[in-house]
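Here is the structure we will look at.
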Amino acid sequence: MNESVNQLCRNCGLCCDSALFADVELRAGDDAGRLQRLGLTLFQKTKTRPAFSQPCACFDGKLCRIYAERPQRCGLFECGLLKKVDAQEMSVPAALEKIAAAKTQADAVRGLLRSLGQQDERVPLTHRYAAVMRAPIDLADENSAERRGELMLAVGDLMQRLERDFLR
Ligand code: SF4
Ligand code: SF4
């Protein structure tokens with residue numbers, strides 16, 4: 001594990017907890033059987049491509065439990081912050097600040113999802129959001145329309161931040 005991964009990733013986890021990705025596809029060469037034995041639950045995303053859903057079963061809340069044996073896509077992914085820190089274009093404290101801000105926003109989204117009935121933390125964030133938006137507005141709960149509006153804004157802000165800081 002290189003130094004920037006050690007410093008940033010153990011304080012982040014956004015690429016494993018479903019904030020950034022709803023699922024991860026395996027690549028040719030990944031040993032699906034071995035990954036399942038290590039704890040990943042695979043589903044068939046396309047005819048030829050198995051994938052696993054996030055939040056990842058191998059994420060321990062801080063780091064990857066199967067780091068040395070993680071799927072290829074996980075090993076290849078470097079977020080924008082890691083790239084910038086490695087290229088010495090950003091300091092570690094500045095990157096940690098951006099991680100903390102993104103995590104606060106993701107937690108706010110989770111809180112709103114729970115308040116709108118989406119309580120299953122094993123389901124990817126975007127799927128929970130889609131389920132809320134598909135559901136009819138609960139007229140018996142006078143705050144539900146307002147919370148749905150707050151959720152839309154919070155998700156929009158989070159996506160913007162993730163796109164800007166992590167996916168470039
Ligand atoms: S999003 Fe970046 S900093 Fe966060 S865990 Fe993933 S690679 Fe590490
Ligand atoms: S296998 Fe490891 S690196 Fe890949 S998503 Fe799961 S916890 Fe993250």
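The table that follows gives values for the structure above.
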| read-out | value |
| --- | --- |
| Residue in the range 70-82 that is more than 20 Å from residue 103 (Cα to Cα) and hydrophobic (A, V, I, L, M, F, W, C) present | yes |
| The lone exception for residue 1 - which of (1) modelled with pLDDT of 95 or more; (2) of a type outside the set (S, T, N, Q); (3) farther than 21 Å from residue 125 by Cβ it fails | (1) |
| Tally of residues being under 30 Å from residue 155 (Cα atoms), surrounded by fewer than 16 Cβ atoms within 10 Å (Cβ to Cβ) and not β-branched (Val, Ile, Thr) across the range 26-41 | 2 |
| Some residue of the range 40-60 being hydroxyl-bearing (Ser, Thr, Tyr), more than 15 Å from the chain's Cα centre (by Cα), modelled with pLDDT of 95 or more and away from ligand 1 (no atom under 12 Å from the Cβ) | yes |
| Of all residues in the range 117-168 being among the acidic types (Asp, Glu), modelled with pLDDT under 95 and out of contact with any Ser or Thr (no Cβ under 7 Å at 6 or more places or on another chain), the one that is surrounded by the fewest Cβ atoms within 10 Å (Cβ to Cβ) | 142 |
| Every residue from the range 103-115 that is surrounded by fewer than 18 Cβ atoms within 10 Å (Cβ to Cβ), of a type outside the set (Ser, Thr, Tyr) and over 15 Å from the mean Cα position of the chain (by Cα) | 111, 114 |
| Condition broken by residue 100, with the remaining ones in (1) in contact (Cβ under 8 Å) with a residue 40 or more places away in the chain; (2) surrounded by fewer than 13 Cβ atoms within 10 Å (Cβ to Cβ); (3) away from ligand 1 (no atom under 12 Å from the Cβ) satisfied | (3) |
| Flag if residue 81 is hydrophobic (A, V, I, L, M, F, W, C), modelled with pLDDT of 95 or more, surrounded by 14 or more Cβ atoms within 10 Å (Cβ to Cβ) and under 14 Å from residue 6 (Cα atoms) | yes |
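Listed here are the residues, each with its yes/no results for (1) more than 15 Å from the chain's Cα centre (by Cα); (2) hydroxyl-bearing (Ser, Thr, Tyr); (3) part of a helix (DSSP H, G or I).
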position	(1), (2), (3)
117	yes, no, no
129	no, yes, yes
132	yes, no, yes
150	yes, no, yes
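The values are calculated or read from the model by the stated rules, or taken from the named source; none is laboratory data. Every value quoted in this text rests on a predicted model; they were computed, and no experiment measured them. Glycine also receives a Cβ, built like all others from the backbone with ideal geometry; neighbour counts cover every protein chain displayed.
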